[in-house]
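The values are calculated or read from the model by the stated rules, or taken from the named source; none is laboratory data. Bear in mind that the values here come from a model prediction, so they are computed numbers and not experimental data. Cβ: placed from backbone, ideal geometry, glycine included. Neighbour counts: every protein chain shown.
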Amino acid sequence: MRMPMNLPRHHPHWPRRLPRAITVPDTSLWHNLEVNAERYADKAALHFLGRAYSYAQVRDAALSLAGHLHARGVRQGDRVLVAMQNCPQLVIAHFAVMRANAVVVPVNPMYRADELRHYIQNAQAKVAIASADVAPALARASEVLAPDDRLAELIVTQYVDGLPADLGAGFSPPAAWRDWLLLTAPLPELDGTRVTPWEELMDASGTAPAAPALTVCGSDLALLPYTSGTTGQPKGCRHRHSSLMHNAMATQLWTASSSETIMLAAVPMFHITGIVSLLHTTIVSGGALVIMPRWDRDLAGRLISHYGVTNWTNIPTMVIDLLASPHFDSFDLTSLHYIGGGGAAMPKAVAQRLLDAYGLVYVEGYGLTETAAPSHLNPFERPKQQCLGIPFISTDACVIDPATLVELPVGEAGEIVVRGPGVFDGYWGQPEATERAFIDLPRGRYFRTGDIGVVDSEGYFFLVDRLKRMINASGFKVWPAEVELQLYQHPAVQEACIVGTQDAYRGESVKALIVLRAGHEDVHASAIIGWCREHMAAYKVPHDVEFVSALPKSATGKVLWRELQEQELRRGSAATPR
């Protein structure tokens, strides 16, 4: 068993119902599904637009897929890419990879071939499981790699594989979804790579290869989610079964989740929050996930009303959008008893409307890919608005001076550092980056978040600024250096600098400042934006492009991005009505 390190420091408003620390079981995450499939064999684990999947069905499908993975050479510790929007197949694939004693590499299905190439090569993945809309990009990404780096197996699912045969009126997807959700796309062809349709591996006749013996436990690697940074290239975060298990079980306690919990899964489950706070928290609780493949406010309202959703972890822009629906009065939200999230601050007026209309307290939190989602949460009994909360169960945090590395007193802004069983082991294949990410303090080894915050006299943390260059667009993290690296591949771009702009809805948006190459002066901003849409995920695409004659630089030739960012913030402040 993995025992917590020295108990975290005392917080005066710690909820009396919660332990300060918990002991993490030494079992794999697969165990949670297996146990609840025995406890609740016929109980719904998943709902997908009118089709229910029982716990036994999810377990059996995952076992079948795990057997096929093993038969095709997947062994303990191998990395398997999983790339699709929220759907039952994602959940099944996630647990199948773990049941095959392998490691899940969750991949954003909005990524393009240029971005996917790094994931295949860096994770040294030989197998990918993807939806049909992502499969062509994965194929293009694989075929340009050296033969030894390419995928050996690509398993492709159509979203209709998980849908009911007849979508009822209450579950009809928005018209804009039909081109990717309801159509059956042809499978890509790849030299040297086996391409297998999902349904071929879901044979219920009992002839599927047997799953291997389960040999992984809490100390083994379970998940390799990628996070970007100032260097531009995404880095894999090594999470063991125990770090995810801790945060899932602790979230279960914090949110009072149980087998009667019905969770709306609108946050993507290829993201660490969706993986831990939705997927694993619900499965360990024995609850049910109501799965949305993408966000749509009216569908969300109908699903909450129909299924009696009790818990909804989200990003604030989803709540803002739902409340703005012209059909809002027709939705029944009275079943909700827990609502919260992070990624951006919840506007006070919106939080107050939830409280006044439904008695719902919006619980804000904070966490990173490196901390397996929550490292801080507001106590349900005593939350503060636009606040990160207090350090999570078994977790300790403080604020340090980023220059002197000395812990700072109450009220002084500095870098937030965190330690606890949810913190990752380090970056995949990058020992130097791992070393830079941690610091030894008198109370132990802490992860440096790169975020600037303050602690108040009651132990609550507040975000002030970001030490790293990160733009938060509707909860999606956009790393300017990564976008800049892509822009430099455009033939008309000589130099580029990415900054964040204020956005009333998204929180922040992406802006590109570009110096054009000689001979390309007639290029329009719309052409740059169109090119970006083809080469990067939609949330990274600049909403605004400004052409400049030069970018300011330091004496060493580095672009003064802080100066440009501050200039943009001043513009935004001047444009904001007072």
Sole residue being part of a loop (DSSP other than H, G, I, E, B) and crowded, with 19+ Cβ neighbours inside 10 Å, chosen from PRO164, PRO188: PRO188
Residue among ALA248, ALA266, ALA256 that alone is crowded, with 23+ Cβ neighbours inside 10 Å and either of a type in the set (D, E, K, R) or over 12 Å from the mean Cα position of the chain (by Cα) (or both): ALA248
Test: residue in segment 536-559 that is among the β-branched types (Val, Ile, Thr), under 28 Å from LEU138 (Cβ atoms) and either touching a Cys at 6+ places or on another chain (Cβ under 9 Å) or without any contact (Cβ under 8 Å) to a residue 24 or more places away in the chain (or both): yes
Residue within segment 418-426 that is in contact with a Lys or Arg (Cβ under 9 Å, 6 or more places away or on another chain) and more than 25 Å from ILE315 (Cα to Cα) present: yes
Residues (in a helix (DSSP H, G or I) and of a type outside the set (A, V, I, L, M)) located in segment 352-361: GLN352, ARG353, ASP356, TYR358
Qualifying residue in segment 419-426 (condition: surrounded by 23 or more Cβ atoms within 10 Å (Cβ to Cβ), β-branched (Val, Ile, Thr) and at negative phi): yes
Restricting segment 506-554 to residues that are within 22 Å of the chain's Cα centre (by Cα) and assigned to a strand (DSSP E or B), the residue that is farthest from MET346 (Cα to Cα): VAL510
Filter result (within 17 Å of ILE22 (Cβ to Cβ), of a type in the set (A, V, I, L, M, F, W, C) and assigned to a helix (DSSP H, G or I)) within segment 254-295: TRP254, VAL276, VAL284
Segment 296-326, residues that are part of a helix (DSSP H, G or I) and among the charged types (D, E, K, R): ARG297, ASP298, ARG302, ASP321
Strands (runs of 3 or more DSSP E) wholly inside segment 1-95 containing at least 1 residues that are farther than 30 Å from ALA139 by Cα: 44-48, 51-54
Filter result for the condition that a residue is surrounded by fewer than 24 Cβ atoms within 10 Å (Cβ to Cβ), farther than 23 Å from ARG240 by Cβ and at pLDDT 95 or above, over ALA61, ALA135, ALA130, ALA123: ALA61
Residue check, ASP114 part of a helix (DSSP H, G or I), surrounded by 15 or more Cβ atoms within 10 Å (Cβ to Cβ), touching a residue at least 40 places away in the same chain (Cβ under 8 Å) and among the acidic types (Asp, Glu): yes
Which numbered condition MET84 misses (of (1) at pLDDT 95 or above; (2) of a type in the set (A, V, I, L, M, F, W, C); (3) over 25 Å from VAL216 (Cβ atoms)): (3)
Residues satisfying the stated conditions in segment 288-302, i.e. of a type in the set (A, V, I, L, M, F, W, C) and touching a residue at least 60 places away in the same chain (Cβ under 8 Å): ALA288, LEU289, VAL290, ILE291, MET292, LEU299
Residue within segment 454-464 that is buried (at least 23 other Cβ atoms within 10 Å of the Cβ), hydrophobic (A, V, I, L, M, F, W, C), under 22 Å from SER228 (Cα atoms) and out of contact with any Cys (no Cβ under 9 Å at 6 or more places or on another chain) present: no
In segment 48-58, the residues that are surrounded by fewer than 19 Cβ atoms within 10 Å (Cβ to Cβ) and either under 18 Å from ALA130 (Cα atoms) or touching a Lys or Arg at 6+ places or on another chain (Cβ under 8 Å) (or both): SER54
Residue list for segment 484-540, restricted to those being of a type in the set (A, V, I, L, M) and crowded, with 21+ Cβ neighbours inside 10 Å: LEU487, ALA496, ILE498, VAL499, VAL510, ALA512, LEU513, ILE514, ILE528, MET536
Residues being closer than 19 Å to GLY77 by Cα and without any contact (Cβ under 8 Å) to a residue 40 or more places away in the chain - total across segment 117-142: 2
Those residues of segment 327-339 which are in a strand (DSSP E or B) and in contact (Cβ under 8 Å) with a residue 60 or more places away in the chain, in sequence order: TYR338
Options GLY414, GLY420: the member that is under 27 Å from GLY341 (Cβ atoms), at pLDDT below 95 and not assigned by TED's automatic domain parsing to the domain that holds VAL107: GLY414
Which numbered condition ALA71 fails, given (1) aliphatic (A, V, I, L, M); (2) within 23 Å of GLY218 (Cα to Cα); (3) surrounded by fewer than 24 Cβ atoms within 10 Å (Cβ to Cβ): (2)
Among the candidates LEU354, LEU360, residue that is over 24 Å from PHE476 (Cα atoms) and either out of contact with any His (no Cβ under 8 Å at 6 or more places or on another chain) or surrounded by 19 or more Cβ atoms within 10 Å (Cβ to Cβ) (or both): LEU360
Hits in segment 320-338 - residues which are in contact with a strand residue (DSSP E or B) (Cβ under 7 Å, 6 or more places away or on another chain) and buried (at least 22 other Cβ atoms within 10 Å of the Cβ): none
Residues of segment 361-406 that turn out to be of a type outside the set (A, V, I, L, M, F, W, C) and out of contact with any Gly (no Cβ under 8 Å at 6 or more places or on another chain), as a count: 8
Residue count for segment 221-234, restricted to those that are at pLDDT 95 or above and under 15 Å from the mean Cα position of the chain (by Cα): 4
